[in-house]
Amino acid sequence: MDPYEFSIQKVKEVGATLLDARERGFSVATKGGNPRDIVTSIDKKANDILVSAIKKEFPTHRLYSEEGGDVVAGSDEQWVIDPIDGSANFSRGIPHFSVCLGLLKGGAPVAGAVYNPVTKELFSFKKGEGAFLNGNPIGVSGVSVLAEAQVVFSPGSRKPELWDWAAVSYRKLLEKSLKRGMYGSSALDICFVAAGRADVGVYGTLSTLDIAAALGILQEAGGVSASASGGSLEYSIASQKVYIGNSTPMLEELRVLLES
Ligand code: IPD
Ligand code: CA
Ligand code: CA
């Protein structure tokens, strides 16, 4: 099956499982005893559905999931899964979370989908063919100055070493940007920039593999991403600071403001 069609089909299938779980109930636990790192019984169930579907359809492909999965060494293709992005929202009944599935080839995203089953919004991309919301092409906003920008600001509360930077950054954004939001699903945030609903954003700490599908959507929609130093992001499991934007000048205006 075509990986693009596969990713769309699977995020929808898992999305239906999440909606069902909201009705039936589920258990909530913490990862490593950290009360700020929530995982539900449905994260695991959704993960199992995706992992077994990929193994069946693409047995030679490598696989990474935020919730764990087998790795087949040697393939140039790697599936990346975040079965629920926004588990804390999901656990509290907040209807803003997503199922994320993407395919990397040669270390870069080539196809994938991010789905919010509550709003039924399906963001998707295919490299070279564009980014879409429910099948319709999307593109970034034309906002060109931070003073007029809607900023996604998610500094990373789990890392005490980021708190001072976060506090100073928030103060700077209060003065220099139009609006700020922190919504709880980084993948949807990135899709919102791709769709022109927000203009720039920063995350204090994220694994770029968790958000690879969303970053592919952003890129195909005309947006950009960068590390704290302004260099290209590496797709890896390592926690890193991530800047996103509707354009390089906008991303740079935000990055220079917060990193100096
Ligand atoms: C979380 C969300 C959130 C971000 C956290 C992530 P999870 O993902 O993306 O927006 O601020 O850092 O951990 O844990 O719900 O998959
Ligand atoms: Ca997750
Ligand atoms: Ca996540």
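Structural remarks
- Region 1-66 versus region 188-260: alpha-carbon centroid distance in Å: 24 Å
- Distances between placed amide hydrogens fall under 5 Å for S247 paired with V224, all partners being 5 or more residues away or on another chain.
- Spatially proximal lysines relative to K179 (Cα-Cα < 27 Å; intrachain offsets below 8 disregarded): K120, K159, K241
- Among G216, G86, G68, residue whose mean-square fluctuation peaks in a GNM of the chain (springs only between Cα atoms under 10 Å): G68
- Our coupling estimate for region 140-148, obtained by passing each phi through the Karplus curve with A = 6.51, B = -1.76, C = 1.60 and θ = phi - 60°, is 6, 6, x, 4, 10, 9, 4, 4, 10 Hz, Gly and Pro reported as x.
- Size descriptors for region 187-226, from the alpha-carbon set: Rg then Dmax equal 9.1, 24 Å.
- Its relative contact order, with pairs defined as Cα atoms under 8 Å and 6+ residues apart, puts the chain at 17 percent.
- The chain: Rg to Rh, with Rh as the Kirkwood radius over Cα pairs: 0.95
- Long-range Cα-Cα pairs in region 3-137 (distance over 25 Å), rounded percent: 26 percent
- Annotation: amide H-H contacts under 5 Å for V39 (H modelled 1.01 Å from N, sequence separation of 5 or more, or interchain): A29, T30, K31.
- For the chain, hydrophobic long helices are taken as DSSP H runs at least 20 Å long by C-alpha position along their axis with mean Kyte-Doolittle hydropathy of 0.5 or more; none is present.
- Mean residue ellipticity, 222 nm, helices only, the chain: the sum of -39500 (n - 2.57) across DSSP H runs of n ≥ 4, divided by residue count and rounded to 500, is -10500 deg cm²/dmol.
- Quotient of the Cα radius of gyration of region 76-168 and 2.2 N^0.38 Å, N being its number of residues: 1.33.
- Using all pairs of distinct alpha-carbon atoms, the Kirkwood hydrodynamic radius of region 4-70 works out to 13.1 angstrom.
- The value of relative contact order for region 146-259, using C-alpha pairs under 8 Å at least six residues apart, is 28 percent.
- Between W163 and N34, the simple label model (points 7 Å from Cα in the Cβ direction) yields a spacing of 1.5 nm.
- Normalised alpha carbon radius of gyration of region 109-260 [divisor 2.2 N^0.38 Å]: 0.97
- Per-residue Karplus couplings for region 234-244, computed as 6.51 cos²θ - 1.76 cosθ + 1.60 with θ equal to phi - 60°, are listed in order as 9, 7, 7, 7, 5, 5, 8, 7, 10, 9, 10 Hz, Gly and Pro entered as x.
None of the figures in this text is laboratory data; all of them are computed from the coordinates on show. Remember, it's a predicted structure, so these values are computed and weren't measured experimentally. Neighbour counts run over all protein chains shown; Cβ positions are idealised from the backbone, glycine included.
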